[in-house]
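Quick one: the structure is below, and I'll ask about it shortly.
Derivation of every value follows stated rules applied to the coordinates shown; laboratory data play no part. Every value quoted in this text rests on a predicted model; they were computed, and no experiment measured them. Note that we place each Cβ from the backbone using ideal geometry, even for glycine, and neighbour counts take in every protein chain shown.
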Amino acid sequence: MLTIDKLSAAYGTHVVLSDLDLTLEDGRIYGIVGFNGAGKTTLLNAIYGVPAQQDCIRYDGEPLSRAAIAYLETDSFFYPRITGRDYLSLFRCKYASFDFETLGSVFNLPLDDFVDSYSTGMKKKLALMGILSQEKRILMLDEPFNGLDLESVSVLQLILRRLAGAGKLVIVTSHILESLSPLCDAIHLLQDGRIFQSYLPVEYGLLAEKLRTDISARYDGAITKVFAE
Amino acid sequence: MFNQLFRLKIKILLRALQELTFFGKVVLLTMLAALCYAIYALCDQPPMRHYLPGAVALLILFLHLRRKDYHFCRKLLPHPCLLFALEYFLVAAPFLLITLVKAPTPLCAIYALAPAVIAVLPRRNAPLRRSARPFRFPMPDLETVSLFRRAGLLIWGLLLLALALCFAPAVSVVIVYLLVLFASASFDQSESLTLLCLEELPARQFLRRKIRRQVAFWTTLTLPVLVLYAVLHLDTAYHVLVPVVLCPLQIAANVSARYSVFHPNRTITGRASLALCLLGYLIPILAPVSIVLTVVYYFDAIRNLNTYLYAYHR
């Protein structure tokens, strides 16, 4: 079980996370939603220990070790003129037993093509393959559905469910609720630097409604002003 | 638009200079002063006075062929060549001025005309291959794979040329030396956190392994040339000591400089100071400064990498 007790994070004087508490259990999939800049990536970075390991994050009562985590960053960087196979060869060295070829065909990736020629979604899938090959107990995916087509979203959801079923803890962030609601066992709303509220699957409707209300309250005036005509 | 773009570029340059540390500014000034002195000392001595304009023209041509804003400027400006010519002229201006002061010769015309001539040279995008097979020989890292996919033919060509020219004095050694210098300095992008943390190594071990693998790779590639040169020129075989000693230092400087400013997925900044450091490996009197800089970069890189890799300390 991963426990976060009063986690705070700031960039200079800008406080992003403030006294955040969170408990996540193994074998389950958790969604973290929030508006842009809410601190989703900062939260994942903090769990991963970037820039520094926080004592307030513990796994099964012990300080969380990074060796237990596989982390998919929001943006994936690939060197120019490398092929998908070149990229995966790095992971293949360490996780030789993983079946890259089959997953590549499931994701429909042309592994011998240059990554430069890949679409955004294909690059995301390639990065995901690297992350999924790692045999870690905790899987953190930052905006994994960005750029993925409908089929790949379903495939990824299937994979994540399978991994959670095998006892892994899966944390997925997104700013799109619809991509998380069919997948997650619970969704936490990150707002004002803390977990505003946690929602179970039966309450996802309430969460959607809350987000809609918040957005209306925040932007209706400005939108009316801009598009008054 | 021309003025605005030019002013913007000047602004970016000034901002980059402002962001240099005090030490960086001192090194920059020292290097520039040394460069000016080197031009002043060499511009009237044959054969260097003939080589210098050619080298400057080649440098500008290299800049022109490599500049990343070429297509952007062509889209934005009705006459982009004017901007290119002005920028290249600013590069050549110190050479022109110093040569005019010290020893005005007709060769000065090269400094004056080369920028304009090179600026109008068209650049075409070569048709790109879409796929490639994995390399059959072991590559030390993905950066080198990428480098060989982009410039493999050129690198193999230069190595073959160096091998073929082993009978001539010094040429092969110079080719090998410059090849390693430019090849190892060709990366300006940091890898992702995933790749950095993949091997789960602490910072010092990570950096040492990166440098060691690069040195081993380039040693394997260049060793036949250096051995053949030494065999064919027994009396001047000590020439090969220059690349043997300095190439590993160049590689260490490049790798360390890259990781001293590492930030996941970001373009590396501070390339100007690295360029100056590498200049020291080209101009013998500046070599001590570069060696000191290499050591500074090495410890900076370990300090910076510790931010990300501290978790793997045992």
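Expressed in nm to one decimal, what extension gain is obtained for the pair B:L113 and B:F299 from 0.36 nm per residue of sequence separation less their Cα-Cα distance?
That pair, B:L113 and B:F299, stretches by 62.6 nm at full extension.
Can you give me the Kirkwood hydrodynamic radius for the range A:1-135, using every pair of distinct Cα atoms, in Å to one decimal?
16.9 Å
Where the centre of each part is set by its Cα atoms, how far does the range B:95-111 sit from the range A:159-218, in angstrom?
69 Å
Follow-up. Give the Cα extents of the protein assembly as shown along the principal axes, in whole Å, largest first.
Extents along the principal axes, in whole Å: 86, 63, 44.
If you place +1 on the Cβ of every Lys and Arg and -1 on the Cβ of every Asp and Glu, how big does the dipole about the Cα centre of the protein assembly as shown come out, in debye to the nearest 20?
In debye, rounded to 20, the protein assembly as shown gives about 1620.
While we're here: Starting from the Cα of A:Y219, step 7 Å along the direction of its Cβ; do the same at A:R137; then give the gap between the two resulting points in nm.
With each label placed 7 Å out from Cα toward Cβ, I get 4.1 nm.
In addition: DSSP loop trypsin sites (Lys or Arg not before Pro) in the range B:205-273 with at most 14 other Cβ atoms within 10 Å of their Cβ, which ones?
Loop-located and lightly packed - B:R266.
Treat each spin label as a single point 7 Å out from the Cα along the C-beta direction, and report the A:E203 to B:L282 distance in nm.
So the two model labels end up 6.5 nm from each other.
While we're on this one: Which percentage, to the nearest 5, of the DSSP beta bridges contained in the range A:82-221 is antiparallel?
Of those bridges, close to 55 percent are antiparallel.
Taking the Cα centre of the range A:2-226 as the origin, how large is its charge dipole in debye, to the nearest 20, when only Lys and Arg (+1) and Asp and Glu (-1) carry charge on their Cβ atoms?
Its charge dipole is roughly 160 debye.
Tell me, Kirkwood radius of chain B from alpha-carbon pair distances, in Å?
About 21.7 Å, per the Kirkwood formula over Cα pairs.
Remind me, relative contact order of chain B in percent, using alpha carbon pairs under 8 angstrom and six or more residues apart?
17 percent
Restricting to DSSP loop positions (anything but H, G, I, E, B) with no more than 13 other Cβ atoms inside 10 Å of their own Cβ, which trypsin sites (Lys or Arg not before Pro) remain in the range B:55-99?
Within the range B:55-99, the qualifying trypsin sites (Lys or Arg not before Pro) (loop, at most 13 other Cβ atoms within 10 Å) are B:K68.
Here's a follow-up. What is chain A's relative contact order, in percent, from Cα pairs under 8 angstrom and six or more apart in sequence?
Once divided by the residue count of chain A, the mean separation gives 28 percent.
How much length would be gained if the chain were fully extended between A:D5 and A:L150, taking 0.36 nm per residue of separation minus their Cα-Cα distance, in nm to one decimal?
Once the chain is fully extended between A:D5 and A:L150, it gains 48.6 nm.
Between the alpha-carbon centers of the range B:181-255 and the range B:277-313, tell me the distance in whole angstrom.
Using only Cα atoms, the two centres lie 14 Å from each other.
Please report how many Lys pairs in the range B:2-119 have alpha carbons closer than 30 angstrom, counting only residues at least 8 apart along the chain or sitting on separate chains.
Total qualifying Lys-Lys pairs in the range B:2-119 comes to 8.
I've got another one for you. Count the DSSP beta bridges whose two residues both fall in the protein assembly as shown, then state the antiparallel fraction as a percent rounded to the nearest 5.
That works out to approximately 55 percent antiparallel.
Right, here's the next one. Name the longest site-free stretch of chain B, where the excluded sites are GluC sites (Glu not before Pro) in a DSSP loop with no more than 16 other beta-carbon atoms within 10 Å.
In chain B, the maximal stretch lacking such sites is B:20-198.
Where does the range B:64-187 land on Rg(C-alpha)/(2.2 N^0.38 Å)?
Taking the Cα Rg and dividing by 2.2 N^0.38 Å, one obtains 1.40.
When the distances between all Cα atoms of chain A are binned every 5 Å from zero, what whole-number percent does each bin get?
1, 6, 13, 17, 18, 16, 13, 9, 5, 2, 1, 0, 0
Estimate the FRET efficiency between A:A96 and A:E25 by the formula 1/(1 + (r/R0)^6), using the beta-carbon distance for r and 41 Å for R0, to the nearest 0.05.
0.85
Taking the simple approach of a point 7 Å from Cα along Cα-to-Cβ for both B:L20 and B:V174, what is their distance in nm?
Going from the B:L20 label point to the B:V174 one covers 2.8 nm.
Normalising by the residue count of the range B:176-261, find the relative contact order in percent from Cα pairs under 8 Å and 6+ residues apart.
55 percent
When we measure straight from the Cα of A:K6, which lysines land under 29 angstrom away, once same-chain ones fewer than 8 places off are left out?
A:K40, A:K136, A:K168, A:K210
Further question on the same structure: Taking Cα centroids, how far is the range A:1-45 from the range B:37-61 in Å?
Taking the Cα centre of the range B:37-61 as reference, the centre of the range A:1-45 is 59 Å away.
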